[in-house]
Amino acid sequence: MKVAIYNNNVSRSVAVAKQIRSLLKQKSAGQITFDADYPDIVLSIGGDGTLLSAFHHYRKQLASIRFIGIHTGHLGFYADWQHTEIPALVDSLLADNGEEVDYPLLAGRIHFRDGREKRVLALNEAVIKRQLGTLSAAVYINGQLFERFRGDGLVVSTPTGSTAYNKSVGGAVVHPTLETMQMAEIASINNRVFRTLGSPIVLSKDDTVRVVNDSRARDVSFHYDNLNILSHDIAWMEFKVAPQKIQFAQYRHMNFWKRIEMSFIGPEGN
């Protein structure tokens, strides 16, 4: 089995990476090797931002890679292991049986006014905003006009991303085994002139959402996960549930609702 270690530069993460390398060399007897280019398992050491970076680094190999998150920061929503549990993690790697759990991703297509297109893949969400002023856009679902949006922006998220920016703007938390995407509004304007649904919507894996930029609003920015596209030339963006999925090694993958409790609520009485 080939393993890659992907860590941030925080001192604790660097120390954990060193500890894992040392223990694997001592215990694996050649059973596990290190391969940063074509690994079977990627150990992400840090926080959620590190996992997002690892995901995008290996996005073209998702079908053959499983991820493991090791938490060394403040909030590691994607992490199943703490930095104090490295010996147990190494033992699990040595006893690997190939089991996995997979979660849906978001596929995005950005069309520019000059005819260029860019396709992106997101683990958490895509966000459409204007750099200055109010976003004005027509929203189509499966080719039919749904609403004409005016406000700060729109968030289209995956189920795992439903706990990130989506949650902060009032979106619902969605279980990650559901093959859906969600669209939530950021400070929409609703009055006698402008009217939107005003609520998040959850769409099926067969649905497509297209957001068409108003021709008068050319300074639209597009952000996906921890990446961004800054352009004055975006014409429209289209989203659907991606055919690819992200796979996590299921040594002891944490129950989703337990993860929600630990991340946002805490122990009873606190």
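The values are calculated or read from the model by the stated rules, or taken from the named source; none is laboratory data. What you see is a predicted model; the values in this text were computed from it and never measured. Reconstructed Cβ throughout: ideal geometry from the backbone, glycine too, with neighbour counts over all protein chains shown.
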Just give me the residues in the stretch 31-51 being hydroxyl-bearing (Ser, Thr, Tyr) and under 19 Å from residue 88 (Cα atoms), in sequence order.
33, 44
Quick one: count up the residues across the stretch 55-80 that are in contact with a Gly (Cβ under 9 Å, 6 or more places away or on another chain) and either on the phi > 0 side of the Ramachandran plot or not aromatic (Phe, Trp, Tyr) (or both).
11
Against the condition under 17 Å from residue 125 (Cα atoms) and under 16 Å from the mean Cα position of the chain (by Cα), how does residue 241 come out, does it pass?
yes
Filter the stretch 137-157 for residues that are crowded, with 19+ Cβ neighbours inside 10 Å and either in the same structural domain as residue 77 (by TED's automatic domain parsing) or closer than 16 Å to residue 210 by Cα (or both) and give the result.
137, 139, 149, 150, 153, 154, 155, 156, 157
Is at least one residue of the stretch 118-132 over 30 Å from residue 51 (Cα atoms) and more than 23 Å from the chain's Cα centre (by Cα)?
yes
Kindly provide the set of residues from the stretch 197-247 that are under 15 Å from residue 153 (Cα atoms) and hydroxyl-bearing (Ser, Thr, Tyr), ordered by number.
199, 221, 224
Taking the stretch 96-142 and keeping residues free of Cβ contacts under 8 Å to residues at least 60 places away in the same chain and not polar (S, T, N, Q) leaves 98, 115, 116, 117, 119
